[in-house]
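Report on one structure; see the data block that follows.
The values are calculated or read from the model by the stated rules, or taken from the named source; none is laboratory data. This structure is a prediction, so every number in the text was calculated from the model and none was measured. Quick reminder, even Gly has a Cβ in these numbers, built from the backbone with ideal geometry, and neighbours come from all protein chains shown. The protein model used for the area step is the full one, side chains on, heavy atoms only, and it has no ligands, DNA or RNA in it. Shrake-Rupley method; radii C 1.70, N 1.55, O 1.52, S 1.80 Å.
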Amino acid sequence: YWQFVERGDDALARDDSYAAIEALSVAIQLRPNSMAAYLKRGEAYRRRNEFDAALRDLRKAADLDPLAIHPRELLGDVQYARAMAHAQSAPGLFLRAAERYREFVALDDQSARGHYKLGLACYRAGQLPEAVAALREAIRLDPRFAEAHYTLGVCLRAAGSREGAIAAFERAVSV
């Protein structure tokens, strides 16, 4: 089992997602309840933009370890990538991404990155108050997170808060 997981890791490090999927599939056959193998294979599918397969494996990883944060973050990342690829149906897909990121920050409320991703997905879904709240939390956790300041500025501009947007943009530039 561990040899195939290592082969999968090595293949992912080489950006050979096909070889990673093959090795991790064998690992899953040997140990069907391995959260790590499903997680890594889900990541390999995500890299290939095979979103349905990635979601299947990442959901399985999340089910196998209900307290693991990484499967939820990757589920959000996959949903976000799907939304970006399907602009015409994006708001609903961005909402799905936001839900996964909410699960992520519920398990790790000290992750500035998680709050940032939640804020970005909420912004893309048209949920400006939720986006602003998540981005402010990301900034509270990491005041030097320039992307969070910038995205907060974008959200505040969209919400009609010119002064707030300017202040956020200025902070992004100064960071």
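Brief remarks follow.
- Ordering V105, G42, H149 by the projection of their Cα atoms onto the charge dipole of the range 1-150, which places +1 on the Cβ of Lys and Arg and -1 on the Cβ of Asp and Glu, puts H149 at the extreme positive end.
- Relative contact order of the chain, defined on C-alpha pairs under 8 angstrom at six or more residues apart (%): 11 percent
- Inter-label distance for S174 and Y18, nm, one decimal - labels placed 7 Å from Cα along Cα-to-Cβ: 5.2 nm
- Cα-based helix-to-principal-axis angle, 146-158 vs the chain, degrees rounded to 10: 60 degrees
- Segment I166-L30, extension gain: residue separation times 0.36 nm, minus the distance between their alpha carbons: 43.4 nm
- Relative contact order %, the range 115-175, counting alpha carbon pairs below 8 Å whose residues are six or more apart: 28 percent
- Tail fraction, Cα-Cα pairs, the range 43-105, threshold 13 Å, whole percent: 57 percent
- The angle between the Cα long axis of helix 70-85 and the main principal axis of the chain comes to about 70°, on a 0 to 90 degree scale.
- Protein heavy-atom accessible surface, 1.4 Å probe, per residue over the chain: 52 Å².
- Taking the alpha carbon gyration tensor of the range 100-175, multiplying each eigenvalue by 5 and rooting it gives semi-axes of 19, 15, 7 Å, largest first.
- Angle of helix 2-13 to the longest C-alpha principal axis of the chain, folded into 0 to 90 degrees and rounded to 10: 40°.
- Test item: Cα-centred dipole of the chain, Lys/Arg +1 and Asp/Glu -1 on Cβ, debye: 340 debye
- Gyration tensor verdict on the range 1-70 (Cα atoms; rounded if a/c is under 1.5, prolate if a/b is larger than b/c, oblate otherwise): oblate
- Kirkwood estimate for the range 9-50, i.e. one over the average of 1/r between Cα atoms, Å: 9.9 Å
- Ordering of 93-100, 32-39, 165-172 by burial proxy (mean other Cβ atoms within 10 Å per residue, highest first): 93-100, 32-39, 165-172
- Overall form of the range 39-175 per C-alpha gyration tensor (a/c, 1.5; a/b vs b/c): prolate
- Cα-projected label distance for R47 with R144, points at 7 Å along beta-carbon direction, nm: 3.0 nm
- Protection-proxy order for peptides 122-133, 145-156, each taking the mean of Cβ atoms within 10 Å per residue, highest first: 145-156, 122-133
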